[in-house]
Amino acid sequence: MKNATLLAITGLLAIGLMFGVNPAQAQTIGKAGSLDTTFGIDGTVTINLAGSGGSVSPLTAIEQSNGDIAVVTGLTEEFSGEVFALVRLTPSGTEIGTTTASFITDGFNSPTAMAVQSDGDIVVVGTASLTFDGAQEFAIARFTPNGQLDATFGTGGLVTTDISGPFPTPSAVLAQPNGQILVGGFVDGTNKNSPGKTVLVRYNANGSLDTTFGTGGIVEETTEAASPAALAELSNGSYLVVGGDAPSSVEFSSTGVLQATVTPGTLAAVNSQSGTGCCSPVVFLPNGDYLVAETVSTGGHLHTDVKAKRFLETGVVDTSFSSTNFTFGGNTENEPQAIALQSNGQIVVGGITNAHGTPVTGGLARLDSNGDLDTTFASEGGLVSQAVVSGLLIQTDGKIVAIGNNGELAVARYFAN
């Protein structure tokens, strides 16, 4: 038996040397924060969607019921406008196919948020405009689980909605258990006497406006939540909206009436995907509290760290949460873009990072549920990735998928433990 064991070990060492793997490094495979080499090539999938002269603006991803991964990105090809793009990958990272959606031909169709419905349909919201700085509309595309536009939704899977006010921009979407869709966004103010407004729009399952909500399906109110970063439906039918600089939470009734205060309640549904490519991303905890990742200056604009905060449902800061500063792999400049919650309560934050004079890349960090940096993750709690991280997905098996951009669409998968 000892000889057999020795032969097995010798064989493994030979294989490691054959492929250039140091035996000491081989022992770390599967360590939290290490790339899952069973995914793509050495843990990363890179797809050139745009071709020469084009660009991608990755958003985030969801895991489908069969384990496939659906990624949403904006896609601009050379000499053409931007379109929504849904890219599907197998669990091992092989590209299945890409479907695009365009509301305005050769216009600017820019995705900003996504959600998955209970039947597996994928809802992507964003803006549609003819020119870069022209009038724009809320735009929604719904895809079936196999990645095709859903012909039962709107017109050929597409819906647009005119919103009063300058530059209406959706920033979050909530798939309700009853099949309805709530989109949250913002319109700019015209002057100091006419500030911007939080916008909520509710759609029926077929894409029509729900006229029992607000005025013809649309609510516009000046609130501290500003542009929503997170949406939740409470068990009583009300909505919790979180956003703004603080950020703040506000409550709307089931019919769209702004409430004077937030009454804590049980969450019935939340938007689980964080990744709008914006600072201060937000994610809800199961009890209704919410977590925020924000940039903090530590010595001028060239020294920035990241800090996570936990807020009660009412918007009050939870002082029992650590809220210590952290970085992505020790770099001096860091900005969060996405935040995600693991099933064990640990918190993963991804974003942009660089040191003085180095190229801008991405990074990840993980916190324990109390806010302390998890030093068992990667190198003392954080890592620098090859691509900017704009979105995060925690798979059902716990693995961490980072969606980003290294000039092309980049999807990387990391071990969680």
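The values are calculated or read from the model by the stated rules, or taken from the named source; none is laboratory data. Keep in mind that what you see is a predicted model, and the values were worked out from it rather than measured. For neighbour counting, all protein chains shown are included, and Cβ atoms are generated from backbone atoms with ideal geometry for every residue, glycine included.
List of remarks:
- Thr211 passes every criterion in (1) more than 22 Å from the chain's Cα centre (by Cα); (2) touching a residue at least 24 places away in the same chain (Cβ under 8 Å) apart from (2).
- Hey, Gly154 modelled with pLDDT of 95 or more and under 14 Å from Val123 (Cα atoms) or not: yes
- Of all residues in the stretch 216-246, those being free of Cβ contacts under 8 Å to residues at least 60 places away in the same chain, closer than 20 Å to Ser171 by Cα, not in a strand (DSSP E or B) and not charged (D, E, K, R) number 8.
- From the list Ser249, Ser320, Ser343, the one residue that fits, being more than 30 Å from Asn406 (Cα to Cα) and part of a loop (DSSP other than H, G, I, E, B), is Ser320.
- The stretch 192-221 - residue that is touching a Leu at 6+ places or on another chain (Cβ under 9 Å) and hydroxyl-bearing (Ser, Thr, Tyr) and, of those, surrounded by the most Cβ atoms within 10 Å (Cβ to Cβ): Tyr203
- Residues of the stretch 311-354 satisfying the condition of being buried (at least 21 other Cβ atoms within 10 Å of the Cβ) and among the charged types (D, E, K, R): Glu313, Glu335
- For the stretch 388-407, taking the residues that are outside any strand (DSSP E or B) and modelled with pLDDT under 95, the one that is surrounded by the fewest Cβ atoms within 10 Å (Cβ to Cβ) is identified as Gly407.
- When Val411 is tested against (1) among the β-branched types (Val, Ile, Thr); (2) buried (at least 24 other Cβ atoms within 10 Å of the Cβ); (3) modelled with pLDDT under 95, exactly one condition is not met: (3).
- Residue that is farthest from Asp397 (Cα to Cα), among those in the stretch 45-75 that are in contact with a Ser or Thr (Cβ under 9 Å, 6 or more places away or on another chain), assigned to a strand (DSSP E or B) and not aliphatic (A, V, I, L, M): Ser55
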